[in-house]
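K.L.:
Here it is, the structure, as structure tokens.
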Amino acid sequence: MPEQSKKKRITVVGGGTGSYTVLKGLKKYDLELAAIVTMFDSGGSTGLLIDELGVLPPGDIRRCLLALADESGENTLRELFEYRFEGGVSEHSLGNLILAAAEKRYGNLALGIGKLSKILRLKGRVYPVSLSQSQLCAALADGTIITGETNIDRPVGERAAINHIFLKPAAPVYEKAQEALLDSDLIVIGPGDLYTSVIPNLLVEGVSQAICDSPAKVVYVCNLMTKHGETDGYTASRFLQEIEKYLGKKVDYFICNKNGLDPQLLQKYQQEKQFPVVVDLDPKTEPRLILTDLAYQPNLIRHHRDKIAEVLVNLAAHL
């Protein structure tokens, strides 16, 4: 009898809504999925829990758990994970509180995620990129140092451009995250805020090396819009340049959007000083570039989960 082909192993590296979107789309396919999630968020409910309980940041982990949770039949805990308390002293997502409780109860966040993954009937695995507490820092072009992810993410007034980012103190990779990278067929980096969601993973000791050592093909999914204070004026080639600088190697594929964006939505984004990422590369001279319609824009400009998943699955199928 012919040997059955193994499921393709796709690992998504990032955080925030970008990883959520990619994982939601990929979940529909027969794949072995893993999410490696940034652990350096410091704002909102997450920031309060770090200060109050000394736990690792749960916010991006929560999103990835929700993305991969089984949605067939009744999964009450999945619905509760999305509930957010409003008003009063503590405005927390219930999912964040559950993750904080799981970390305290089982000794570390990874063990807590393992317990919750079974309850949520996850269609994949979710790993924190590191189990060490560390602060994301940005060195600006004028020499200023900004400490804390939320301070980098939300600039107050005008400030100099980001020169580079780093972690303080250094953080080692979580070994199961490292193993997932080494065992992958396809590694997907992004989309997401370049300096606060995506590149922080590459700053963790052992991550870039694992990606370079892995036999997997590496895909970078470019953002649709620039982010004020982070990527003002960045073109697609600049996004790619920054990823490859921190990764230490060239990616195999670079996915960018080519469909037009809603003018009325663009006006709203312009008020926040956010603009469409100009694709300044040509697939005729840059064979790694994949140009396709990716934007989903009912009220916000986001990647379309099904379209991006289709592109990634097609790439994996030819490996």
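K.L.:
Looking at (1) part of a loop (DSSP other than H, G, I, E, B); (2) over 17 Å from the mean Cα position of the chain (by Cα), which is the only condition Gln267 fails?
P.N.:
(1)
K.L.:
Shifting gears a bit: Of all the residues that make up the stretch 29-46, how many are more than 19 Å from Asn201 (Cβ to Cβ), part of a loop (DSSP other than H, G, I, E, B) and either at pLDDT below 95 or aliphatic (A, V, I, L, M) (or both)?
P.N.:
So the count comes out to 1.
K.L.:
What are the pairs, 6+ residues apart or on separate chains, where a residue within the stretch 65-89 that is within 9 Å of Leu120 (Cα to Cα) has its Cβ under 6 Å from a residue that is modelled with pLDDT under 75 and surrounded by 12 or more Cβ atoms within 10 Å (Cβ to Cβ)?
P.N.:
Partner pairs satisfying both residue conditions: Leu66/Phe81; Ala69/Arg78.
K.L.:
Further question on the same structure: What are the residues in the stretch 116-172 that are without any contact (Cβ under 8 Å) to a residue 40 or more places away in the chain, part of a strand (DSSP E or B) and farther than 18 Å from Asp193 by Cβ, if any?
P.N.:
If the condition is that a residue be without any contact (Cβ under 8 Å) to a residue 40 or more places away in the chain, part of a strand (DSSP E or B) and farther than 18 Å from Asp193 by Cβ, then Ile145, Lys168 are the ones that fit.
K.L.:
Where in the stretch 173-232 are the helices (runs of 4 or more DSSP H), entirely inside, with at least 2 residues that are among the polar types (S, T, N, Q) and surrounded by fewer than 21 Cβ atoms within 10 Å (Cβ to Cβ)?
P.N.:
In the stretch 173-232, 207-213 are the helices (runs of 4 or more DSSP H) which contain 2 or more residues that are among the polar types (S, T, N, Q) and surrounded by fewer than 21 Cβ atoms within 10 Å (Cβ to Cβ).
K.L.:
Also, quick follow-up: Can you tell me which of (1) surrounded by fewer than 21 Cβ atoms within 10 Å (Cβ to Cβ); (2) closer than 18 Å to Gly18 by Cα; (3) in contact with a Pro (Cβ under 9 Å, 6 or more places away or on another chain) is the one Ile146 doesn't meet?
P.N.:
(2)
K.L.:
Here's a check for you: in the stretch 47-63, which residue that is at pLDDT 65 or above and assigned to a loop (DSSP other than H, G, I, E, B) is surrounded by the fewest Cβ atoms within 10 Å (Cβ to Cβ)?
P.N.:
Leu56
The values are calculated or read from the model by the stated rules, or taken from the named source; none is laboratory data. Please read all numbers here as calculations on a predicted model, not as lab measurements. Cβ: placed from backbone, ideal geometry, glycine included. Neighbour counts: every protein chain shown.
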